[in-house]
Amino acid sequence: MIFRTFRIINKKIYLSATMIGIIFWFLPVFSFGEEIFRLEVRGVSSGTIDIALNKEAAPNHVDRVKRLTVEGKYNGVVFHRVIAGFMAQSGDVKYGNINNLQADLVGMGDSQYPNLVAEFSNQPFKKGTVGMARSRDPNSGNSQFFIMFDEASHLDGKYTIIGEVISGMETVMQIKKGDIKRNGMVEKPDYIKRALIIQN
């Protein structure tokens, strides 16, 4: 049984620390940080980005990212679509590798694995949020992901969130920007030299 504890001061009722703790105990909390998705970025921007994965909110998408990382599929993949004030997109493991970049197709590719069913949550899209890219079909997330430069509430509940940046946001902000007239497509884009999964 959970007891509520109150204090009466100057004829006003205040919630005690015990009651406040109980309230927060019942609130839905997503855990970040058990595993880190680390990106070593090179190009105009050069540095390391650490992303705390949120497996509780998006277990299948997180597992996909981890699998592709362990297989080395993200190594060399470019940030092909980067829109100032919005986001930087990467993860096209089919057409987006810097060593064999197919500029006319990058952004349209995915992995050899099937698309994933959406795992939308009530988490907001804000600066540093990492979401999974998709087509108009909500259940088309696969390998591509994007990192937010700023808040974008119009994305809330419409894209799967896999984590958030906990270190290296300055590297994110410096990623080479694309041409707004070409929907953010980047010439000579920055790329992920190496991606790793780190146990926190």
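Key figures
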{"item": "Point-to-point label distance, LYS181-ASP63, nm (Cα→Cβ direction, 7 Å offset)", "result": "4.6 nm"}
{"item": "Unit charges on C-beta of K, R, D, E only; dipole of the range 68-200, Debye", "result": "240 debye"}
{"item": "Sparsely packed trypsin sites (Lys or Arg not before Pro) within the range 149-185, loop by DSSP, other Cβ within 10 Å at most 16", "result": "LYS158"}
{"item": "Residues in the range 68-85 that a label on ARG42 would reach, taking backbone N under 13 Å of a point 7 Å out along Cα→Cβ", "result": "75-78"}
{"item": "Estimated FRET transfer efficiency (SER135, ILE197; beta-carbon r; R0 25 Å; 0.05)", "result": "0.40"}
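Each value in this text was obtained by applying a stated rule to the coordinates, not by laboratory testing. What you are looking at is a predicted structure, and each value in this text was computed from that prediction instead of being measured. FYI the Cβ positions are ideal-geometry reconstructions off the backbone, even for glycines, and counts take in every protein chain you see.
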